[in-house]
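Reviewing the structure listed below.
No value in this document is a laboratory result; all are computed from the given coordinates. In this text, all values refer to a predicted model and were calculated from it rather than measured experimentally. All Cβ positions, glycine included, derive from the backbone under ideal geometry; neighbour counts span all protein chains shown.
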Amino acid sequence: MGIIAWILIGLLAGFIAKALMPGRDPGGIIVTMLIGIAGGLLGGWLGKVIFGVDSIDGFFDLSTWIAAIVGSVILLAVYRLVTGNKHHHRHA
């Protein structure tokens, strides 16, 4: 698959991850989209390393989408853990 296909999958996977994990995220939609793109790549890599499967078979393969969504959910959870405490209890 080309880079354009990975960007599209990542954007949609980020949107799905956000729907699965609702709530406020620091950074807004742009950061969520970037997390989706990186999550898609992470999911593909994890699928290959952990399970030994080629999870990047094609744009319409279910394994590609599952890997991208799982990677996006993982990165979104990590992002929330890292940034979540910084935005609470700020006083002027």
Multiplying the sequence separation of Val31 and Leu62 by 0.36 nm and subtracting their Cα-Cα distance, what value in nm do you get? 8.7 nm
Go ahead and run the numbers for FRET between Leu81 and Ile7, Cβ-Cβ distance against an R0 of 35 Å, rounding to 0.05. 0.85
